[in-house]
There are 2 protein chains.
Amino acid sequence: MTLKSGPPGNSKAQMIVEDVRRRIVDREWQQGDRIPDEAELAVEFGVARATVNKALQILAEEGLLDRKRRAGTHVTVNPARKATFTIPIVREQVESAGMAYSHRVVAQKRSPAPPEIASRMRLPEGAPLIHLRTVHMGDDQPFQVEDRWINPAAVPEVESVDFRQVNANEWLVRHAPYLRADLTFSAENANARDARLLDTRQGHALLIMQRTTWNDLGAITSVRLSFYPGHMVTTDH
Amino acid sequence: MTLKSGPPGNSKAQMIVEDVRRRIVDREWQQGDRIPDEAELAVEFGVARATVNKALQILAEEGLLDRKRRAGTHVTVNPARKATFTIPIVREQVESAGMAYSHRVVAQKRSPAPPEIASRMRLPEGAPLIHLRTVHMGDDQPFQVEDRWINPAAVPEVESVDFRQVNANEWLVRHAPYLRADLTFSAENANARDARLLDTRQGHALLIMQRTTWNDLGAITSVRLSFYPGHMVTTDH
DNA sequence: CAGTGGTCTAGACCACCCA
DNA sequence: GGGTGGTCTAGACCACTGG
């Protein structure tokens, strides 16, 4: 068999990905089955082994295949598949919804790390940090409350920035690339301050996204985003 | 320069990934800068161009680099980076927390698709579906409420399964591989039924995860998971 | 149109690990 | 020990697009 030229999957590797995925979805190859090895598939598809290898690695990353040396390639039994989503930049998010973006810094001060933040950033309790609280708005309606801690030890230039004038989110994105990030979703009832800042009722369920980033000097920033009630976060397609 | 053999990054491509990422984090290459082309880097690192290509493609997928033919490779200006997380299997999640898993099917019946579900599954309103409501428990405490709609048109075998005996989550995972999935996070105040099933107060903020999957025959299933208050979902590292 | 990334190939050697 | 995937290479041709 050769690759069907069908409604193009573009590259040969991509076409093999789609063909193999289809065989799995159609249960032609069932969960747990061992599939032919790379050399056989290379002959079947009429391509080099490296091309088959690339395709199967993509499917393995997706979680559809399990690959082991000597044991061969098997269809995953419990395909606990992965989802990806893009970490949004608030301003772009607001503007892509057709609204005018603005933000307001509610508080900015130096402050020693409280226990919870220190643990999340893996810093000693009481480490000197900068604490910011910002409201992000679309068409002057509150959209998201940002509660951010920044570690000057990891980003020395931050000392001289006035975040009342520059959006912290974007300044950090441009000046402090990170190596590693943690991201957590949860839900909380709006407390009095959240409710006031978001212009909503106390007790309303809020989607909370917490993110901490690190570079080689340590934690850069830890931020807790509270979204306006009803907001949804969706994975990429 | 050749690759440092350092505290192994394993493969050459992976070492190049780490070296380039470090140059960006150290701001040796700044946002917007054009970096040397593949051929130059291949010489610098002492490897074949294909190896550099693989490394740079990984960094481009991560969102750190922008690559265009003829224009070359640039450091992304707004690195809206991606996060991935693994879609959990409830039972494994409970058991990995050291608790005994059990589940209870609260309701199972055939039911025409209500408007919201039909739209989410891209089916005509009123399409014949199977509706399941299940409570998942750890050590006999409610952990998650699952509200699931299954489309027999996409998974004919489902007609003969008794989900009181078999966990729907796992049965589907094993018998109905999917091609595409949607995933959405939001927060809602517990309604009376959620509160009763989760053994908590009405109004408590719940993290909601909604997922819909498709194969080539159409939507397979759409499920709405309500987590016990305080639950967090975290990305992979 | 020419420089750059995208992809493929044939071959090679290696690393792992099951039998 | 031997079969399998993991990776690399040198070279080639192509596709896109910026100058």
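The values are calculated or read from the model by the stated rules, or taken from the named source; none is laboratory data. No experiment lies behind these values; they were computed from the predicted model shown. Heads up, the Cβs are rebuilt from the backbone with ideal geometry, glycines too, and the neighbour counts pull from every protein chain shown. Calculation scope for accessible area: heavy atoms of the full protein, side chains included, ligands and nucleic acids excluded. Shrake-Rupley method; radii C 1.70, N 1.55, O 1.52, S 1.80 Å.
Observations on the structure shown:
- For A:D26, label point 7 Å along C-beta direction: distances to other copies, nm: 5.2
- Electrostatic tally near B:E38: other residues with Cβ closer than 15 Å to its Cβ, Lys and Arg +1, Asp and Glu -1, net +3.
- Derived scalar couplings ³J(HN,Hα) [region A:99-112; Karplus, 6.51 cos²θ - 1.76 cosθ + 1.60; whole Hz; x for Gly, Pro]: 10, 7, 8, 8, 9, 9, 7, 8, 7, 8, 7, 6, 7, x
- When the surface is traced with a 1.4 Å probe over the full set of protein chains, A:D66 keeps roughly 80 Å² accessible.
- Taking amide hydrogens as placed 1.01 Å from N in the peptide plane, the amide H of B:I220 sits under 5 Å from those of B:T213, B:W214, B:N215, each at least 5 positions away in sequence or on another chain.
- Chain lengthening between B:R34 and B:D66 when straightened (0.36 nm per residue, less Cα-Cα): 10.6 nm
- Modelled spin-label separation between A:L179 and B:A153, with each label point placed 7 Å from Cα along the Cα-to-Cβ direction: 5.2 nm.
- Where N is the number of residues in the protein assembly as shown, Cα Rg divided by 2.2 N^0.38 Å: 1.07
- Stokes-Einstein translational diffusion, region B:90-227 - Kirkwood Rh over all Cα pairs, 0.692 mPa s, 37 °C, in µm²/s: 212
- Among the trypsin sites (Lys or Arg not before Pro) within region B:166-230, those in coil by DSSP and having at most 12 neighbouring Cβ atoms inside 10 Å are B:R201.
- Chain A: relative contact order as a whole-number percent, Cα under 8 Å and 6+ apart: 14
- Using every pair of distinct Cα positions in region A:22-127, the Kirkwood expression returns a hydrodynamic radius of 18.9 angstrom.
- Counted charge near B:A83, where neighbours are those whose Cβ lies closer than 12 Å (Asp, Glu -1; Lys, Arg +1): +1
- Comparing A:H74, A:I208, A:P142 along the charge dipole axis of the protein assembly as shown, the residue lying farthest to the positive side is A:H74, per the Cβ-charge model.
- Our summary gives region A:12-75 a relative contact order of 41 percent, counting only alpha carbon pairs under 8 angstrom and 6 or more residues apart.
- Translational D in µm²/s for chain B (Stokes-Einstein at 37 °C, 0.692 mPa s, Kirkwood Rh from C-alpha pairs): 154
- Copy-to-copy label separations for B:P88, where each label sits 7 Å from Cα toward Cβ, in nm and ascending: 2.4
- Whole-number accessible area per residue in Å² for the protein assembly as shown, which is evaluated in the context of all protein chains at 1.4 Å: 48
- Taken residue by residue and averaged, Cβ atoms of other chains lying within 10 Å of the Cβ of B:170-181 number 4.
- At most 15 other Cβ within 10 Å, DSSP loop - trypsin sites (Lys or Arg not before Pro), region B:1-106: B:K4, B:R27, B:R69, B:R70
- GluC sites (Glu not before Pro) within region B:102-156, DSSP loop, no more than 13 other Cβ atoms inside 10 Å: B:E125
- Excluding ligands, DNA and RNA and using a 1.4 Å probe, chains B and A jointly bury around 4600 Å² of accessible surface, summed across both partners.
- Shortest-first nm distances, A:K109 label point to equivalent points in other copies (7 Å, Cα→Cβ): 5.8
- Of the accessible area of the protein assembly as shown, computed with a 1.4 Å probe over protein heavy atoms only, carbon and sulfur atoms account for 50 percent.
- Using a cutoff of 8 angstrom between alpha carbon atoms and counting only pairs six or more residues apart, the relative contact order for region A:192-236 works out to 33 percent.
- Normalised per residue, the volume of the convex hull around the Cα set of region B:12-75 (Å³): 74
- Rounded to the nearest 500, the 222 nm mean residue ellipticity of chain B from helices alone is -8000 deg cm²/dmol, with -39,500 (n - 2.57) taken per DSSP H run of at least 4 residues.
- 11 Å beta-carbon shell around A:D147, net charge (K/R +1, D/E -1): +2
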